[in-house]
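Single-structure report; data block below.
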Amino acid sequence: MNLSPPVFPYPWAFEWGEDRYGLWQTLTYQGIDYAFRWILPWYFMMGSPENEQGRYDDEDLHSVTLSQGFWLGETTVTQALWQAVMSTNPSHFKGENRPVENVSWDDVQMFIERLNQMHRTLQTRLPWEAEWEYACRAGSQTPFNFDGELTLDKVNYRGTWNYEAGEWGEGALRETAEVKSYPCNAWGLYEMHGNVWEWCQDNWQEHLGQEAVCDPWLRQQPLVSVSARVVRGGSWSYFGGSVRSAYRSRHAPDDRGSNLGFRLALGHVEL
């Protein structure tokens, strides 16, 4: 495991520093800022125990070691940044500081390719599923990365624990919120629970297994265009059980919806 700090700052960074959450650096594109947080390498228990409320069978509990650190977006990508890069805004719920949504996995790959042309050392990507859950948990092993019960002042979700058609909790927003509207987790990452589903890089695997693994993406098969891709985090329109740290879901790579967005990662992982 490489615990050495990263080369810092990167050549493209406009601002950088260290605060109580750790190292950060900011990419600026056409006047739009996007901050990354350094996520230290370590190990964690991915998935959920059998007695966790709301658990599904595909949340296999197993030890995962991340041998190298990586950078992860402090927030999901905003409409302002997407507009600056792609000159369009496909989002249903408009607002510069709201997450861009209604974007497919394929759309996101085009965005990443175009953004990375900004600087020869810029290599943004989507996080892998294991990286996403590790960062979401931020050292926690409970259903959520915060203390206390799930409430609408902590997470933008449907406001009900289970899904019932047409039912919403009192006070549910019923649309996306601006990024940084809810408290960040212990590593300075915002809205890892709720608001919009977040695309991950992985092909969908129905079961991850209970075997301890190191850097699980190294065992991934090459991406196949027709394979479903992983999404994580739940969304404004989904029920409480689906915004848990361990909850897993999937979409076809060309699916779009008003609850589908993403955040960027930087780092070492290539297939």
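The values are calculated or read from the model by the stated rules, or taken from the named source; none is laboratory data. These numbers were taken from a predicted model, which means no experiment stands behind them. Because the Cβ atoms are built from the backbone with ideal geometry, glycine has one as well, and the counts that use them run over all protein chains shown.
Yes/no per residue for (1) under 30 Å from W12 (Cβ atoms); (2) modelled with pLDDT of 95 or more:
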site: T65; (1), (2): yes, yes
site: Q79; (1), (2): yes, yes
site: E129; (1), (2): yes, yes
site: C136; (1), (2): yes, yes
site: F146; (1), (2): no, yes
site: E164; (1), (2): no, no
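Could we say that Q53 is closer than 20 Å to G233 by Cα and loosely packed, with under 15 Cβ neighbours inside 10 Å here? Here the answer is yes, as Q53 does meet what is asked. Checking the condition in a loop (DSSP other than H, G, I, E, B) and more than 20 Å from E52 (Cα to Cα), which residue from S258, S245 passes? Of the residues listed, the single one that is in a loop (DSSP other than H, G, I, E, B) and more than 20 Å from E52 (Cα to Cα) is S258.
For the range 193-219, filtering for residues that are touching a residue at least 60 places away in the same chain (Cβ under 8 Å) and part of a loop (DSSP other than H, G, I, E, B) leaves 10. So is S235 polar (S, T, N, Q), out of contact with any Cys (no Cβ under 6 Å at 6 or more places or on another chain), buried (at least 20 other Cβ atoms within 10 Å of the Cβ) and at pLDDT 95 or above or not? Yes: the conditions hold for S235. When the range 101-119 is filtered for residues that are more than 20 Å from L27 (Cα to Cα) and of a type outside the set (S, T, N, Q), the ones remaining, listed by number, are E101, V103, W105, D106, D107. Close contacts from the range 153-181, counting a first residue that is among the hydroxyl-bearing types (S, T, Y) and a second that is at pLDDT below 95 and assigned to a loop (DSSP other than H, G, I, E, B), with Cβ to Cβ under 8 Å and a gap of 6+ residues or different chains, come to T160/E167. Might you check whether a residue that is β-branched (V, I, T), closer than 21 Å to E59 by Cβ and in a loop (DSSP other than H, G, I, E, B) occurs anywhere in the range 143-153? No, because not a single residue in the range 143-153 is β-branched (V, I, T), closer than 21 Å to E59 by Cβ and in a loop (DSSP other than H, G, I, E, B). Candidates are the residues of the range 156-207 that are charged (D, E, K, R) and crowded, with 20+ Cβ neighbours inside 10 Å; the one that is nearest to F36 (Cα to Cα) is E191. For S48, the criteria (1) on the phi < 0 side of the Ramachandran plot; (2) over 20 Å from the mean Cα position of the chain (by Cα); (3) not hydrophobic (A, V, I, L, M, F, W, C) hold in every case but one, which is (2). Kindly indicate whether G69 is buried (at least 16 other Cβ atoms within 10 Å of the Cβ), within 26 Å of L208 (Cβ to Cβ) and of a type outside the set (A, V, I, L, M). Yes: the conditions hold for G69. Residues in the range 101-130 that are in a loop (DSSP other than H, G, I, E, B) and either in contact with a helix residue (DSSP H, G or I) (Cβ under 8 Å, 6 or more places away or on another chain) or among the aromatic types (F, W, Y) (or both): V103, L122, Q123, L126, P127, W128.
Take the residues of the range 72-98 that are among the hydroxyl-bearing types (S, T, Y), touching a residue at least 40 places away in the same chain (Cβ under 8 Å) and in a loop (DSSP other than H, G, I, E, B): which is surrounded by the most Cβ atoms within 10 Å (Cβ to Cβ)? Residue satisfying both the conditions and the ranking: T76.
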